[in-house]
Each structure stands twice: as structure tokens, then as C-alpha cells.
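J.: Sharing a structure with you now.
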Amino acid sequence: MASLKELAEAAGVSIRTVHRVLRGEGYVSDVMRARVMSVVDTLGYRPDRVARSLRTGKSYQIVVITWIMNEIAMAKVAALEQRVRQADYAVNILFDHPEEEGHTLLDTVIDERPAAIAFIPGPGVSVEATVERLIASQIPYVILDTPTADVDRVLIDRQQGIYEAVHHLAARGRRRIAYLGPPEASRLDGYLRALAELGRPPIIV
């Protein structure tokens with residue numbers, strides 16, 4: 001892997017300029033930035049997160065704690081990973097088991113001082129108690145897809161998802177589109193809204 005010195009020599013700039021471009025700091029012209037990034041792509045440079053963490057005292061790891069291991073939960077983690085990777089952070093996934101007495105996974109993660117913690121709660125998990133612990137730790141956090149109100153969270157727009165799914169089926173020529181699922185208001189409202197726009201009677205199983 002290329003070093004910062006090699007990047008600077010290939011781009012014809014100083015190491016400090018390369019550092020500024022990679023960190024997005026300081027004034028660098030668009031032309032210079034494009035030149036450096038072109039060299040970065042050509043030489044396949046990847047930053048050494050461990051060395052940078054030791055130098056700066058800052059973590060570049062985001063820890064995801066989850067009790068759920070199904071496909072939907074992993075899709076959430078994948079979306080998170082794709083987004084934070086753009087900011088040069090890495091994601092580490094840990095699975096907890098709330099049925100085990102005296103579990104200390106959250107405390108262990110907090111002691112390691114990651115850059116942030118993402119939390120996917122499962123049934124029986126106290127979101128409120130977890131949030132209190134995270135706030136006390138002063139580590140940035142986010143709760144993914146929880147109905148618990150008054151916490152920093154990212155929610156799935158289930159109503160919009162069902163709405164778009166119904167229109168997708170209708171566009172593919174399906175004439176009778178039924179709703180078979182939990183009587184959750186958000187999902188059902190999306191279904192009914194789409195059927196109303198299509199001028200079709202709802203079929204609720």
C-alpha cells in the first residue's frame with residue numbers, strides 16, 4: 001500500500017497537502033484536490049486506522065450491538081456500514097444475549113471508547129436503561145428502529161414501504177392486491193393509501 005510520501009511525490013505536492021485532502025481540512029483548490037484523489041485511486045491508498053488512532057487518540061470504529069440476527073437486521077447494519085465507510089470509519093458487529101444474567105457487553109464496549117455505538121434492541125431489552133447508560137458514557141449513539149419515543153433513533157418508514165410495494169405490484173399488472181400482515185397502523189395505512197389512489201377496494205386478510 002502506498003505511503004503518504006509516495007502519494008505526495010506522485011501528485012507533485014507536499015505531504016501536508018495530501019494530509020489536508022485526505023482529512024478534508026484546510027484550504028485546497030478543487031484542481032489540487034482532484035489531482036491528489038486521482039493519485040489515491042491509482043495507487044490504491046488506504047489509511048491505517050490503527051496508526052491514526054494511536055497518533056490522534058481518536059477511534060475510527062463504530063460498534064453495532066444487536067440482539068437480532070435476521071435478514072432485516074443485517075440489512076440495517078449493511079446500510080449503516082455503507083454510509084459510515086464513506087467517512088472512513090469501520091463497523092464492528094457484536095451480538096448480545098439479554099437472557100444471560102449479568103451480561104456486560106455494553107459496559108465492555110463503552111470501556112473501549114469507540115467512535116460511536118449503534119444499538120438494535122430486541123424483545124425484552126430496556127431501551128430506556130440502555131440510553132441512560134450511553135448518555136452517561138458521553139459516547140455518540142443511535143438506536144436503530146425502535147418504537148420507544150424520546151430517544152435518538154432512526155426509524156423505518158413502514159407506511160411508505162408498503163405504499164411503494166403496492167404501486168410496484170400494480171405497475172406489474174397485479175389486479176387483486178391483498179394485505180396479509182399485522183394490524184399495525186403504519187403498514188395498513190400505507191396499503192390503504194395506495195389502494196385509494198389506485199381506485200381499488202382493499203382486501204385485508
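J.: Would you kindly identify the helices (runs of 4 or more DSSP H) lying entirely within the stretch 1-51 that contain at least 1 residues that are hydroxyl-bearing (Ser, Thr, Tyr) and either modelled with pLDDT of 85 or more or open to solvent by less than 40 Å² (accessible area, probe 1.4 Å) (or both)?
T.: 15-23, 30-43
J.: Here's a check for you: in the stretch 175-205, which residue that is of a type in the set (Gly, Ala, Ser) and out of contact with any His (no Cβ under 9 Å at 6 or more places or on another chain) is nearest to Asp157 (Cα to Cα)?
T.: Ser186
J.: Give the residues of the stretch 157-204 that are surrounded by 14 or more Cβ atoms within 10 Å (Cβ to Cβ) and among the acidic types (Asp, Glu), sorted by residue number.
T.: Asp189
J.: Does Leu106 satisfy being under 23 Å from Ile68 (Cβ atoms), touching a Lys or Arg at 6+ places or on another chain (Cβ under 7 Å) and not aromatic (Phe, Trp, Tyr)?
T.: yes
J.: Would you be able to tell me the number of residues in the stretch 182-205 that are part of a loop (DSSP other than H, G, I, E, B), under 27 Å from the mean Cα position of the chain (by Cα) and free of Cβ contacts under 8 Å to residues at least 12 places away in the same chain?
T.: Count: 1.
J.: I'm checking my understanding of the structure. Among residues of the stretch 62-75 that are of a type outside the set (A, V, I, L, M, F, W, C) and surrounded by fewer than 19 Cβ atoms within 10 Å (Cβ to Cβ), which one is farthest from Pro121 (Cα to Cα)?
T.: Residue satisfying both the conditions and the ranking: Glu71.
The values are calculated or read from the model by the stated rules, or taken from the named source; none is laboratory data. This structure is a prediction, so every number in the text was calculated from the model and none was measured. Here the Cβ is made from the backbone with ideal geometry for all residues, glycine too, and neighbour counts use every protein chain on show. Side chains are part of the model used for accessible areas, which takes the heavy atoms of the whole protein and leaves out ligands, DNA and RNA. Shrake-Rupley method; radii C 1.70, N 1.55, O 1.52, S 1.80 Å.
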